[in-house]
1. Among DSSP beta bridges whose residues both lie in the range 1-127, state the antiparallel percentage, nearest 5.
2. Based on DSSP H runs of at least 4 residues, each adding -39500 (n - 2.57), what is the mean residue ellipticity at 222 nm of the chain after dividing by all its residues, to the nearest 500 deg cm²/dmol?
3. Compute and list, largest first, the equivalent-ellipsoid semi-axes of the range 1-115 from the alpha carbon gyration tensor, each √(5λ) rounded to a whole angstrom.
4. Report the trypsin sites (Lys or Arg not before Pro) located in the range 134-163 that are in a DSSP loop and have at most 13 other Cβ atoms inside 10 Å of their Cβ, or state none.
5. Provide the packing ranking of 77-86, 59-68, 113-122, i.e. peptides ordered by the mean count of other C-beta atoms within 10 Å per residue, highest first.
6. Considering all projection directions equally, how large on average is the shadow of the alpha-carbon convex hull of the range 114-185, in square nanometres?
7. Explain nothing, just the number: relative contact order of the chain, from Cα pairs under 8 Å at least 6 residues apart, as a whole percent.
8. Just add up the charged neighbours of residue 106: K/R +1, D/E -1, any other residue whose Cβ is under 11 Å from the Cβ of residue 106.
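The values are calculated or read from the model by the stated rules, or taken from the named source; none is laboratory data. Fair warning: this is a prediction, and the values are worked out from it, not measured in the lab. A quick note on method: Cβ atoms are made from the backbone with ideal geometry, for glycine too, and the neighbour counts reach across all protein chains shown. When the accessible area is computed, the model is the full protein with side chains, heavy atoms only, and any ligands, DNA or RNA have been set aside. Shrake-Rupley method; radii C 1.70, N 1.55, O 1.52, S 1.80 Å.
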Amino acid sequence: MITHKKLPNGFEYIEVKNSSAEAKIALQGAHLFHYKRVGEEPILWLSEVSDFEAGKAIRGGVPICWPWFGFHQDRSLPQHGFARTAMWDCVSCSEADEKSSSVILRLTHSQGSLKMWPYLFELDLHLTISDKLTMELKTTNLDRNSFKITQALHTYFSLSHISDAVIKGLDKKPYLDALTWKKEVQEGDITFNQEVDRVYQEVDGEITLSDKNRTLHVRNENSSSVVVWNPWIEKTSRMSAMKEDAYEHMLCIESANAFDDARVVKPQKSHTLKAEIF
Ligand code: TA6
């Protein structure tokens, strides 16, 4: 069952329920803020103090960072682009069968977007909700000129506890440490006992995230970069819409086209960043 809903403040979202999973997606930012398989704890982390307000990004779930990841040269422009606070249109909602539902949301250029980024575009997020979560972010260039994008499906995973978390699949991968801006190489599995903010490059295989209760798999397509982020204690205390212990139960593993993995999209051409979580 797929239902359009509104919070008391008018904030709109789509609720999906089928026999394998449930999900909630805000029209603002095409922001998936809840995904849970039947009989399991939620897979996505959502801040208990997140905003659900026009113009403010939801803290948690899967924010869409587009058409730039991170800071823009012009610091007056929003970190992680404008797509996550823009209003998207619902193009289609359908149920393949009782186990799988599909939702497609679309963002196109506007007067507001052209002031920040001078290109004509169409951006679709296609979500397939079943016992596997599939996210396909398709950028189509409607402009006469090519444009370059960086982007991320900025997924916040929910954890039993950060001290239980182990990431596998990035051994020997180069990464840019965003805390020092130095290039490093990963040795072995990733575990957490301090702030981590890294952009892994040359990623070409499956990644797993294990905690006390489960192992999740992340598989990306048309992407060779993955961001791993946990703000730990001090950064969490400076973050918006996060309780001081939030870092203990969230970890971001972001399917990206970031830094060296930026993509140029030619006129009338498309690029689709795909992530599967299962
Ligand atoms: O993806 C990691 C990161 O770039 C961190 O540096 C941190 O800033 C995080 O994103 C959250 O950014 P936000 O703009 O949502 O507060």
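1. Working: 32 of 33 bridges.
Close to 95 percent.
2. Details: 2 runs with 13 residues, N = 278.
Helix-only estimate at 222 nm: -1000 deg cm²/dmol.
3. On the way: eigenvalues 142, 51, 34 Å².
Equivalent-ellipsoid dimensions as semi-axes: 27, 16, 13 Å.
4. Values: sites: 138, 144, 148; in loops: 144.
Taking the range 134-163 and a limit of 13 other Cβ atoms within 10 Å, the loop trypsin sites (Lys or Arg not before Pro) found are 144.
5. On the way: 77-86: 19.5, 59-68: 25.6, 113-122: 15.9.
So the peptides 77-86, 59-68, 113-122, ranked by packing, come out 59-68, 77-86, 113-122.
6. Details: hull surface 34.0 nm².
Seen from a random direction, the Cα hull of the range 114-185 projects 8.5 nm² on average.
7. Details: 744 pairs, mean separation 48.6, N = 278.
Answer for the chain is 17 percent.
8. Working: positive: 138; negative: 89, 122, 124.
Spelling it out: positives minus negatives among the neighbours equals -2.
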